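Beneath this line is the structure, given in structure tokens, with notes to follow.
The values are calculated or read from the model by the stated rules, or taken from the named source; none is laboratory data. Predicted, not measured: the structure shown is a model, and the values here were computed from it. Counting neighbours? That spans all protein chains shown, and the Cβs are built from the backbone with ideal geometry, glycine included. What goes into the accessible areas is simple: the full protein's heavy atoms, side chains included, and nothing from ligands, DNA or RNA. Shrake-Rupley method; radii C 1.70, N 1.55, O 1.52, S 1.80 Å.
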Amino acid sequence: MKRYLILISGRGSNMEALLDAGLPGACAAVISNRPDADGLASAARRGIATAVVDHREFASREDFDAALAAKIETFAPDLVLLSGFMRILGDTFVARFSGRVLNIHPSLLPSFRGIKTHAQALAAGVRLHGCSVHFVTPALDGGPIIAQAAVPVLAGDDESHLAERVLVEEHRLYPRVARWFLDGRLQLLDGRVRLAGEVAIEAALHAPQVEET
Ligand code: GAR
């Protein structure tokens, strides 16, 4: 059975969705870069091993990345799932775990990289917003996209209403993609996403049905 490890920085609702999805793998650990991340207690309640690698204890990004990589290796995971993990990982880290790290980002990439994605979407006036799951590469929020879910931007939406609607889709999409990887049906091959077997490409897109009034 494959082993997966989850990295968090805060609330951990995507982590909970992953842990509660009955994935075909064992969760080896949840690691946070913040000792006060709420998700740590929630993982511990589920009987999952937890660890903290506090980024504030390291003089440089490289030192933090090296310590985090070393801690991850002690759990020997096949897959690392960034789940609201809010640190940028450097090239050395990414190369070390190449093809084994996924991230969920709250926008329809390549639009709205970085932070405050819901505010960015509202400011841009887009009609569709959503979330993306992608392989992690050195480009920030720029790795090959595996799957996306869209939600409509509604009249009167503010940042928190829009974020809430996107989060519902995040909780559906991320476990689905993690399952593909753990089942051996998802790979990063020559820098491209390869979905094999019975995974229909339609399953990598979830879009709302818009009714005309
Ligand atoms: C989620 O919306 C996730 O997509 C986002 O942070 C939130 C974490 O919530 N991640 C990023 O912005 C990564 N760049 P959670 O801790 O409840 O899963």
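Quick notes
- Boolean, Gly156 is out of contact with any helix residue (DSSP H, G or I) (no Cβ under 8 Å at 6 or more places or on another chain), within 15 Å of Leu82 (Cα to Cα) and either part of a loop (DSSP other than H, G, I, E, B) or more than 11 Å from the ligand (Cβ to nearest atom) (or both): no
- Pairs with Cβ under 9 Å, 6+ apart, first in the range 83-96 and in contact (Cβ under 8 Å) with a residue 40 or more places away in the chain, second among the basic types (Lys, Arg) and open to solvent by 30 Å² or more (accessible area, probe 1.4 Å): Gly84/Arg11; Met86/Arg34; Arg87/Arg61; Ile88/Arg61; Leu89/Arg61; Gly90/Arg61
- Test for His134: is it within 13 Å of the ligand (Cβ to nearest atom), modelled with pLDDT of 95 or more, in a helix (DSSP H, G or I) and touching a Pro at 6+ places or on another chain (Cβ under 8 Å): no
- Hits in the range 114-123 - residues which are part of a loop (DSSP other than H, G, I, E, B) and open to solvent by 40 Å² or more (accessible area, probe 1.4 Å): Ile115, Lys116
- Hits in the range 19-42 - residues which are within 9 Å of the ligand (Cβ to nearest atom) and of a type outside the set (Asp, Glu): Ala37, Gly39
- Qualifying residue in the range 10-17 (condition: surrounded by 13 or more Cβ atoms within 10 Å (Cβ to Cβ), away from the ligand (no atom under 16 Å from the Cβ) and not hydrophobic (A, V, I, L, M, F, W, C)): no
- Subset of the range 73-99 (residues that are within 14 Å of the ligand (Cβ to nearest atom) and among the polar types (S, T, N, Q)): Ser83
- Some residue of the range 58-73 being surrounded by 15 or more Cβ atoms within 10 Å (Cβ to Cβ), touching a residue at least 24 places away in the same chain (Cβ under 8 Å) and either under 27 Å from Glu164 (Cα atoms) or within 15 Å of the chain's Cα centre (by Cα) (or both): no
- Long-range neighbours under 6 Å by Cβ, at least six apart or interchain, first residue among the acidic types (Asp, Glu) within the range 161-182, second assigned to a helix (DSSP H, G or I): Glu170/Asn14
- Qualifying residue in the range 100-119 (condition: away from the ligand (no atom under 16 Å from the Cβ), under 20 Å from the mean Cα position of the chain (by Cα) and at pLDDT 95 or above): yes
- Taking the listed residues Val177, Val166, the one that is of a type in the set (Val, Ile, Thr), more than 12 Å from the ligand (Cβ to nearest atom), assigned to a helix (DSSP H, G or I) and out of contact with any Asp or Glu (no Cβ under 7 Å at 6 or more places or on another chain) is Val177, with no other qualifying.
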